[in-house]
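Remarks on the structure that follows.
The values are calculated or read from the model by the stated rules, or taken from the named source; none is laboratory data. Computed from a predicted model, the values in this text were never measured in an experiment. Cβ placement follows ideal geometry from the backbone for every residue including glycine, while neighbour counts extend to all protein chains displayed.
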Amino acid sequence: MEVEKKAPGGREAGAGKENTGGKKQHGAPQKLPQPKESSIKHTVAVMSGKGGVGKSTVTALVAAQLAKKLKSVGILDADITGPSIPKLFGIKEQPVSLPMGIVPPKSRLGIRIMSLNLLLPHEDDPVVWRGPLIASAVKQFWTDVIWGDLDYLVVDLPPGTGDAPLTVLQSLPLDGLIVVSSPQELAVMVVKKAIKMAEMLNVPILGLIENMSYLTCPRCGEKIELFGPSRAGKIAEEKGIKFLGSLPIDPQLAELGDKGEIEKYQAELLGDIEKTLEPLN
Ligand SMILES: Nc1ncnc2c1ncn2[C@@H]1O[C@H](COP(=O)(O)OP(=O)(O)OP(=O)(O)O)[C@@H](O)[C@H]1O
Ligand SMILES: [Mg+2]
Ligand SMILES: [Zn+2]
């Protein structure tokens, strides 16, 4: 398994010092250059302060929505210890290791997917790595994967502000972040935390999505706010962030995700996705 062999900080340590890779820099000097054999137009990461709010689901829906608009799309799974992304897309195929780099497998819609879980001998093997190795793997998923020409690379982050999110925010030339919250968490605090981290690292926030906002009664169509009234719109306004909308709790979404068929989910829930993902500066 390629990824494990390289020492943390090994050959990428000096990367990005003077090389801007032709990508727009948001004030941070140490971004990685464009990966080999690849040209990635837009890179967006999906973040939240709390686990289980639906980052991976939102990552998958955003990627699928773009792919349905015939964009070339990739997903970089930076949640090194979690199997969510391959599972949502039903992918078991191993990435192919060539001398020039790693070729990621494709989903049904042609989304190129790179996830550590695809490199494990058994998909239920746990990944018990320390921070520096995780950071190194995340960088290699950018540097050593042959992404090809992508319109969008969507990065799925693990929850919180640990090593993987920090590495992604510091090292990848991100256009911005999509922040996911849900009404049952301490949304205000979490969003403030996310904003603070993004500000500290000079990464713009493209918008806020509230997931699991409500449930529609299958009998009468009534909107049930299971976790109380939505606060995300108000928070976004207060913080000067775009509110991208709410996703309902939808048993069909969970079911398709469990079956590895998330791409079948019919949702234009995120509005004009390309407009949403336009860089802010
Ligand atoms: N809108 C929704 N309706 C129904 N189920 C959902 C919805 N959003 C997410 N889920 C389900 O909730 C679970 C958690 O979602 P997901 O894995 O996307 O969260 P996450 O924020 O990526 O979690 P983690 O922090 O562990 O990475 C999954 O089983 C998913 O199918
Ligand atoms: Mg996840
Ligand atoms: Zn009802």
query = Which of the residues that make up segment 173-190 are among the β-branched types (Val, Ile, Thr) and without any contact (Cβ under 8 Å) to a residue 60 or more places away in the chain?
reply = Val188
message = Can you find a residue that is within 14 Å of Ser48 (Cβ to Cβ) and charged (D, E, K, R) anywhere in segment 146-167?
response = yes
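So if I check each of Leu66, Leu70, which one is more than 16 Å from ligand 1 (Cβ to nearest atom) and loosely packed, with under 15 Cβ neighbours inside 10 Å?
Criteria check complete, one pass: Leu70.
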task = Mind listing whichever residues of segment 71-107 are at pLDDT 95 or above and on the phi > 0 side of the Ramachandran plot?
result = Gly90
remark   = Out of (1) within 16 Å of ligand 2 (Cβ to nearest atom); (2) modelled with pLDDT of 85 or more; (3) among the small types (Gly, Ala, Ser), the one Ala194 does not meet is (2)
key: Where a residue in segment 223-238 is more than 16 Å from ligand 3 (Cβ to nearest atom) and its partner, wherever it lies, is in a helix (DSSP H, G or I) and not acidic (Asp, Glu), with Cβ under 7 Å and at least six apart   = Arg231/Ala187; Ala232/Ala187; Ile235/Ala187; Ile235/Val188; Ile235/Val191
request  = Select from segment 169-191 the residues that are out of contact with any helix residue (DSSP H, G or I) (no Cβ under 6 Å at 6 or more places or on another chain) and within 16 Å of ligand 2 (Cβ to nearest atom) and list them in ascending order.
outcome  = Ile178, Ser182, Glu185, Val190
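Residues checked against (1) surrounded by 14 or more Cβ atoms within 10 Å (Cβ to Cβ); (2) touching an Asp or Glu at 6+ places or on another chain (Cβ under 7 Å); (3) modelled with pLDDT under 85:
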{"residue": "Leu172", "(1), (2), (3)": "yes, no, no"}
{"residue": "Ile224", "(1), (2), (3)": "no, no, no"}
{"residue": "Ser246", "(1), (2), (3)": "yes, yes, no"}
{"residue": "Glu261", "(1), (2), (3)": "yes, no, no"}
ask   = Taking interchain pairs and intrachain pairs at least six residues apart, which have beta carbon atoms under 7 angstrom, with the first residue in segment 124-150 and on the phi < 0 side of the Ramachandran plot and the second surrounded by fewer than 16 Cβ atoms within 10 Å (Cβ to Cβ) and modelled with pLDDT under 90?
value = Val127/Thr81; Pro132/Gly9; Ser136/Gly9; Ile146/Lys36; Ile146/Glu37
task = Scan segment 198-222 residue by residue and report those that are farther than 18 Å from Leu270 by Cβ, more than 14 Å from ligand 1 (Cβ to nearest atom) and surrounded by fewer than 20 Cβ atoms within 10 Å (Cβ to Cβ).
result = Glu199, Met200, Leu201, Asn202, Cys217, Arg219, Cys220, Gly221, Glu222
task = Name the single residue, out of those in segment 73-116 being out of contact with any helix residue (DSSP H, G or I) (no Cβ under 6 Å at 6 or more places or on another chain) and among the acidic types (Asp, Glu), that is surrounded by the fewest Cβ atoms within 10 Å (Cβ to Cβ).
result = Glu93
query = Lys193: charged (D, E, K, R), surrounded by 15 or more Cβ atoms within 10 Å (Cβ to Cβ), over 19 Å from Gly160 (Cα atoms) and in contact (Cβ under 8 Å) with a residue 40 or more places away in the chain, yes or no?
reply = no
ask   = When segment 223-259 is examined, which residues are found to be part of a helix (DSSP H, G or I) and under 16 Å from Leu270 (Cα atoms)?
value = Ala232, Gly233, Ala236, Leu253
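Listed here are the residues, each with its yes/no results for (1) of a type in the set (S, T, N, Q); (2) within 17 Å of Ser38 (Cβ to Cβ).
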| residue | (1), (2) |
| --- | --- |
| Ser107 | yes, no |
| Ile111 | no, yes |
| Leu116 | no, no |
| Tyr152 | no, yes |
| Leu169 | no, no |
ask   = Tell me, which residue of segment 196-240 that is hydrophobic (A, V, I, L, M, F, W, C) and farther than 30 Å from Ser171 by Cβ is nearest to the chain's Cα centre (by Cα)?
value = Met212
